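The values are calculated or read from the model by the stated rules, or taken from the named source; none is laboratory data. None of these values were measured; they are calculated from a predicted model. All Cβ positions, glycine included, derive from the backbone under ideal geometry; neighbour counts span all protein chains shown. We work out accessible area using only protein heavy atoms, side chains counted, and drop any ligands, DNA or RNA first. Shrake-Rupley method; radii C 1.70, N 1.55, O 1.52, S 1.80 Å.
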Amino acid sequence: SKVAQNQPIDLREAVTKAVRRCGAGKPVPTIRVGEEPLPVLADQERLITVFEHLIRNAQDATDADGEIEVSAETANGTIKVSIRDSGDGMSPEFVRERLFRPFDSTKGSQSLGIGAYQARDYVRTLGGRMDVSSVAKHGTTFTIHVPTAD
């Protein structure tokens, strides 16, 4: 595994690249990131991977005619990225007991079950946190909060 190379980046670029990489999947995510730079100290490729993982999971959980919206904004020294889908959602028990448990996957042998765990872990190394709000059969929102780089 490579060592993270944190440097100042514009988080808008990482979000945009992740959305672009997931553009062949359905539903195609929409993006709202504004015009102002969103400076963060991070390894850009690892951050793109976090967003990609969450977007692809949203695509897996959402019908092709559903919605996925990725947004980013800044407030009070924190950047907030939200990935919201209109998909299957998750029960509170699943979120609490299984979502971030490594090597536990609902995707069978095609997945190692470490994506959500690794995504949350990397966000934490940036001094941030990842929140999950989900309602079964109504969708999920992952919200990532990371400090801005000044």
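Can you tell me which of (1) outside any strand (DSSP E or B); (2) surrounded by 18 or more Cβ atoms within 10 Å (Cβ to Cβ); (3) not basic (Lys, Arg) is the one residue 34 doesn't meet?
(2)
In a helix (DSSP H, G or I) and not β-branched (Val, Ile, Thr): which single residue out of 41, 47 fits that description?
47
Please go through (1) over 22 Å from residue 24 (Cα atoms); (2) part of a loop (DSSP other than H, G, I, E, B); (3) open to solvent by 50 Å² or more (accessible area, probe 1.4 Å); (4) of a type outside the set (D, E, K, R) for residue 64 and return the number of the only condition it doesn't satisfy.
(1)
I'd like the full set of residues that are touching a residue at least 12 places away in the same chain (Cβ under 8 Å), of a type outside the set (Phe, Trp, Tyr) and either under 19 Å from residue 97 (Cβ atoms) or open to solvent by 90 Å² or more (accessible area, probe 1.4 Å) (or both), limited to segment 114-124.
Selection gives 114, 115, 116, 118, 119, 120.
Could you tell me which numbered condition residue 24 fails, if it satisfies all but one of (1) assigned to a helix (DSSP H, G or I); (2) open to solvent by 20 Å² or more (accessible area, probe 1.4 Å)?
(1)
For segment 16-38, what are the residues that are among the basic types (Lys, Arg) and out of contact with any helix residue (DSSP H, G or I) (no Cβ under 8 Å at 6 or more places or on another chain)?
Once the filter is applied, which keeps residues that are among the basic types (Lys, Arg) and out of contact with any helix residue (DSSP H, G or I) (no Cβ under 8 Å at 6 or more places or on another chain), segment 16-38 yields 20, 32.
Checking residue 81 against (1) at pLDDT 85 or above; (2) of a type in the set (Val, Ile, Thr); (3) surrounded by fewer than 19 Cβ atoms within 10 Å (Cβ to Cβ): exactly one of these is not met. Which one?
(3)
For residue 8, indicate whether it is under 22 Å from residue 149 (Cβ atoms), in contact (Cβ under 8 Å) with a residue 12 or more places away in the chain and part of a loop (DSSP other than H, G, I, E, B).
When the stated conditions are applied, residue 8 does not pass them.
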